[in-house]
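Heads up: the structure comes next, in structure tokens.
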Amino acid sequence: MVSNLTVGERQGALAILIVLTLCGLVMAAAAAGHGDPMEMHGYLVMLFSLGVMAILLRGFLAPPPSEARLASYYDDPIKVGIIIAMIWAVFGMIIGDWVAWLLAYPDATFDAAWASFGRMRPAHTSGVIFGFGGNALIATSFHVMQRTSRARLPDQLSPWFVLLGYNLFCLIGISGYFMGVTQSKEYAEPEWYADIWLVVVWVAYFILYMRTLARRKEPHIYVANWYYLAFILVVAILHIVNNLAVPVSFAGAKSYSLFAGVQDAMTQWWYGHNAVAFFLTAGFLGMMYYYLPKRAQRPIYSYRMSIVGFWGITFFYMWAGSHHLHYTALPEWVQTLGMTFSLMLLVPSWIAAANALLTLNGAWDRVRDDATLRFMMMAAVFYGLSTFEGSFMAIRPVNALSHYTDWTIAHVHAGVLGWVSLIVFGSFYALIPWLWKRERMYSPTLVEVHFWLALSGTLVYVFSMWNSGIIQGLMWRTYNDSGTLTYSFLDSVVAMHPYYVARAIGGLLFLSGTLVGCYNMWRTIRWSSAISAAAPDELAPPELLPAE
Amino acid sequence: MFKTHYRIERKSITLAIAIIVVASIGGLMEIAPLFTIDETVEHDPNMRLYTPLELAGRNIYIREGCYACHSQMIRTLQDEVDRYGPYSLAVESKYDHPMLWGSKRTGPDLARVGGKYSDQWHTAHLNNPRDVVPQSIMPRYDWLSQTELRTQDLGDHLRAQRTVGVPYTDAMIANARADAIAQASPGDADEEALANRYGKATQIRTFDGDPRTVSEMDAIVAYLQVLGKLSDATQPKGK
């Protein structure tokens, strides 16, 4: 892979890695004096940079690549991104299922601080959202932006910087939780230096995207790119504002957030809800708008629905965050706005879901026969279902029951298992044979097995959490005839046990599906009886035709 | 409208700017007024600050990720008020950087847990929750008693808090370490100075039952015991 880099790019990479190693050294040296966990992070940065440097130096003196490379797309970072995403998926899901069992059997863990629920839970959420989801988004965006622009990436260094730099952020963040380094802001737990590093990586990502678009040979920017662009831009805004903080010392990990109390709560859930919107929805809609029509070999059903869906989602979502704070000390006018926009949000969400499902008209026989396309179809169905559920739960009286309960957990997992994971697996199953020039996945049967494991796991998970959430909510508000509360809090904890066991089993099913998928992907990559030519349908981008 | 879009989607910079503008409106409309509208946060001139020991305890609460299972926000619903006490007011988390309102109750709300249980109960419960509540599913935190609290940089913590808007005085910052030790070691000379700085209601006890050292258990119990007690805004008038 290094041999594909030009000599200038190799030198640039080396310079960046040396600077990064020095940064790690400074961090470690600054924190070493007073036993701060930032010291470990300094070593981690050094180790990471030196590891990448070792790979770089092994091919450093190889002859420069031929000019012929410029005639084809640059796919090396995409391949690596897919593999990294699957590694994070396995890690994040193992931790997730482990903490799920802990809620049923609280002593099923090591007698150590790092292995307690509170430290492992963010490792699960960040591992799957940022590790698995983020790498899948970066890898597929590199693929989609090149294909839909009919342009090669502008250089070969910045995609590696984005991909590996992003993973360094994930490593710093997640290793930090195990050491107790966290801001305790949901989905924004990494501390200030990790946050600053992510900003650097993200700016590079945006510039790379714009440079690729500037080189495009298509006059129009395809709809998938709108979503990826919204993902990059809005996540940047959210990340910067919500992570504004003052470090206690530049030689330590701890910082205090700039905002407090009600303003902090509103900022946090403006961030939290739109992390769902622009990390877990917009980017993956970009994925859906490319891989689903490609795999179905059908043009997108409606150009106009794409436009209305896109701008509706971009505008309405940003108002909806306050529905996480119904009946709290947040002023009621903000709660009402949040609820109103959450309800309106259903319209563009369902337009996007319907646009995907209607695209399959004329290809439903493929959905039946092809598990890869069925992954994407089921993802669109779950997207429609969970956005409906989300709008429903944003209604104040419904939220009175559902908030603080496992219903929220059911809702989130209907989204991330049913929608995000399924669209990623479907896209990967389509993409891997294209990238590695294979005729098909190694085993279509195993794709089928993965589909049913993932679907059954999601359903078991979601149904058990719906049950537990609604029972919890009802138990907390039940009064007896004398006008006092019927159940103690502990009664509700005891009542959850069977559902927590069922949920952990559902998670285990989903995890086994992922492991089957990893095996199948690995065999496909290592498969020697490959055809050499790319599948013909890969060469042209999907058509964007109006339905009329 | 679709014709305009037909033009916009041919220009990447225009498209990027349009996304930023469209996406910014919601946040600006909902967040910015919270800083300017006066009624957003109630006024409580007698609001007390976290002592250095309580702040250290709060940082342990943050470090261990307690927010994943415990909320600190009692909603304006009858059953919550009956179960946990008066509903939470914005002023009560006025100095909370960051707020810990939480989003999930795998365990009960803690906004008013202060004073509800004894120090002994908290220490035993944190050591192993199932010793006192057999059906509990909370993790054990038995290392807290054995870990000495880091007090030497508490002054820096208070200074950073002052930077983000918490009115700690110079005297509080200068004496942060001594105050933390004094709060967990009753009988020491600087007890009165501590009460003068942070108010008569400051609880000075050996929270973990071991007067020899100031442990992380002292800090977290001191924090839990002050939850819901820093502001009088929820107390009925005349009390």
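The values are calculated or read from the model by the stated rules, or taken from the named source; none is laboratory data. The model shown is predicted, which means the values in this text are computed figures rather than measured ones. Cβ coordinates were reconstructed from backbone atoms using ideal geometry, including for glycine residues, and neighbour counts include every protein chain displayed. Note: accessible area is taken over every heavy atom of the protein model, side chains too, but ligands, DNA and RNA are not part of it. Shrake-Rupley method; radii C 1.70, N 1.55, O 1.52, S 1.80 Å.
Spin-label pair residue B:120-residue B:212: with each label point 7 Å from Cα along the Cα-Cβ axis, the two points sit 2.1 nm from one another. Among B:218, A:75, the order of accessible area from largest down is A:75, B:218, computed with a 1.4 Å probe on protein heavy atoms. Ordered from highest to lowest accessible area with the whole protein assembly present and a 1.4 Å probe, A:170, A:23, A:518 read as A:23, A:518, A:170.
Only helices enter the 222 nm calculation for the protein assembly as shown: every DSSP H run of n ≥ 4 contributes -39,500 (n - 2.57), and dividing by all residues gives -20000 deg cm²/dmol, rounded to 500. Computed with a 1.4 Å probe over protein heavy atoms only, the accessible surface of the protein assembly as shown comes to 37 Å² per residue.
I'd like to know which of B:165, B:221, B:124 lies farthest towards the positive end of the charge dipole of the stretch B:106-239, counting +1 on Cβ of Lys and Arg and -1 on Cβ of Asp and Glu. Result: B:165. Dipole of chain A computed with +1 at Lys/Arg Cβ and -1 at Asp/Glu Cβ about the Cα centre; of A:49, A:493, A:272, farthest Cα towards the positive end is A:49.
Report the Cα centroid-to-centroid distance between the stretch B:6-29 and the stretch B:104-138 in angstrom, as an integer. The two parts, judged by their Cα centres, are 49 Å apart. So what's the gap between the Cα centers of the stretch A:280-329 and the stretch A:430-509, to the nearest angstrom? If you average the Cα positions of each part, the centres end up 24 Å apart. Heavy-atom accessible area, probed at 1.4 angstrom with all protein chains present, ranks A:72, B:103 as A:72, B:103, highest first. Note on the stretch A:51-89 and the stretch A:116-188: Cα centroid distance 18 Å, given to the nearest whole angstrom.
In summary, the helical segments of chain A meeting the span-like criteria, namely a full DSSP H run, a Cα extent along the axis of 27 angstrom or more and a mean Kyte-Doolittle hydropathy of at least -1.0, are A:7-32, A:38-58, A:76-104, A:158-179, A:192-214, A:223-242, A:371-393, A:444-477, A:489-526. When the Cα positions of A:241, A:118, A:434 are compared along the charge dipole of chain A, A:434 comes out farthest toward the positive end, with charges on each C-beta of Lys, Arg, Asp and Glu.
For chymotrypsin sites (Phe, Trp or Tyr not before Pro), the sites in the stretch A:61-110 that DSSP calls loop and that have at most 12 other Cβ atoms within 10 Å are A:110.
When the Gaussian network model of chain B links Cα atoms closer than 10 Å, the mean-square fluctuations of B:27, B:199, B:107 top out at B:27. Taken about its Cα centre, chain A carries a charge dipole of about 1340 debye when Lys and Arg each add +1 at the Cβ and Asp and Glu each add -1 at the Cβ. Which of the lysines could a cross-linker bridge to residue B:200, judged by Cα under 19 Å and excluding same-chain residues fewer than eight apart? Answer for residue B:200, where 19 Å is the Cα cut-off: B:229, B:239, listed by chain and number. Applying 1/(1 + (r/R0)^6) with R0 = 22 Å to the Cβ-Cβ distance of residue B:24 and residue B:2 gives a FRET efficiency near 0.40. Within the shell of other residues whose beta carbon sits under 13 angstrom from the beta carbon of residue B:85, the net charge comes to 0, with Lys and Arg scored +1 and Asp and Glu -1. Restricting the stretch A:27-60 to chymotrypsin sites (Phe, Trp or Tyr not before Pro) that sit in a DSSP loop and have at most 16 other Cβ atoms within 10 Å of their own Cβ leaves A:60. The trypsin sites (Lys or Arg not before Pro) of the stretch B:173-225 that meet both conditions, a loop assignment by DSSP and at most 14 other Cβ atoms within 10 Å of the site Cβ, are B:200, B:212.
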